[in-house]
Amino acid sequence: QVQLVESGGGLVQAGGSLRLSCAASGRTLSIYAMGWFRQAPGKEREFAAAFSWIGSSTYYADSVKGRFTISRDNAKNTVYLQMNSLHPEYTAVYYCAADTLLRTVVAGRAGYWGQGPQVTVSS
C-alpha cells in the first residue's frame, strides 16, 4: 500500500499564493506519477496538474496553466503544488493522487489518493 499525506491547505486572500505538499510513503517503488486534483463546492473533481518521474513529464489543465506549478523532491518522495495569483474560483478541496502511469493519474483513475486539504481563497 501507498499512503499520501498532504499539507499546506488553508485560507489565503485573493491574489495570494499557497503551496501544497504531498508526501508518499509505503510501497512507493511502483509510483512513477503523482498529481493534483481539485473539487470545488457543488462540482465534480477535476484534474489540475501531474508529474511523472519517467522522462520528467509534467502536464497541466488549461485552467491552471501559468498559475500553478508542480514540482517534486525525489529524496523525500514528495510532490508540491505552487499556486499563485489565486482568486476565489480556486476555492476547493485539493487531492493528491499517485499511480504508476501518468495517464492513469491524469484520467482520475489513480490507485492512491490523499485526504484532500481545503484551500479557501477569500475576496
Sticking with the crude label model, points 7 Å out along Cα→Cβ, report the distance from Ile54 to Ala107 in nm, one decimal please. 1.3 nm
³J(HN,Hα), Karplus 6.51/-1.76/1.60, whole Hz, each residue of the range 54-63, x for Gly, Pro: 7, x, 6, 7, 10, 8, 10, 6, 4, 5
Give the long-range amide H neighbours of Leu86: residues separated by 5 or more places, or on another chain, with amide H under 5 Å away, using H modelled in the peptide plane at 1.01 Å from N. Gly15, Gly16
Could you report the accessible area of Ser30 in Å², rounded to 10, computed with a 1.4 Å probe on the protein chains as they sit in the structure? 50 Å²
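Equivalent-ellipsoid semi-axes (√(5λ), Cα gyration tensor) for the chain, whole Å, largest first?
On the way: eigenvalues 105, 37, 36 Å².
Sorted largest first and rounded, they come to 23, 14, 13 Å.
Indicate, rounded to the nearest 5 percent, the antiparallel portion of the DSSP beta bridges found entirely in the chain. Intermediate values should be presented prior to the final figure.
Numbers: 39 of 43 bridges.
Counting DSSP beta bridges with both partners in the chain, the antiparallel share is about 90 percent.
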Explain nothing, just the number: dipole magnitude of the chain about its Cα centre with +1 on each Lys and Arg Cβ and -1 on each Asp and Glu Cβ, in debye rounded to the nearest 20. 140 debye
As a test of the formula, what do you get for the chain when each DSSP H run with n ≥ 4 contributes -39,500 (n - 2.57) and the sum is divided by the residue count, at 222 nm and rounded to the nearest 500 deg cm²/dmol? -1000 deg cm²/dmol
Long-range amide H contacts for Tyr95: which residues qualify at under 5 Å (H placed 1.01 Å from N, peptide plane, sequence gap of 5 or more or a different chain)? Phe37, Arg38, Gln39
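Over the chain, what percent of the accessible surface lies on carbon and sulfur atoms, probe 1.4 Å?
Details: 2960 of 6310 Å².
Heavy-atom surface of the chain belonging to carbon and sulfur, 1.4 Å probe: 47 percent.
The values are calculated or read from the model by the stated rules, or taken from the named source; none is laboratory data. Everything numeric in this text was worked out from a predicted model, so none of it was measured. Cβ sites come from the backbone with ideal geometry, for glycine too, and all protein chains shown count toward neighbours. Remember, those area values only see protein heavy atoms, side chains included, never the ligands or the DNA or RNA. Shrake-Rupley method; radii C 1.70, N 1.55, O 1.52, S 1.80 Å.
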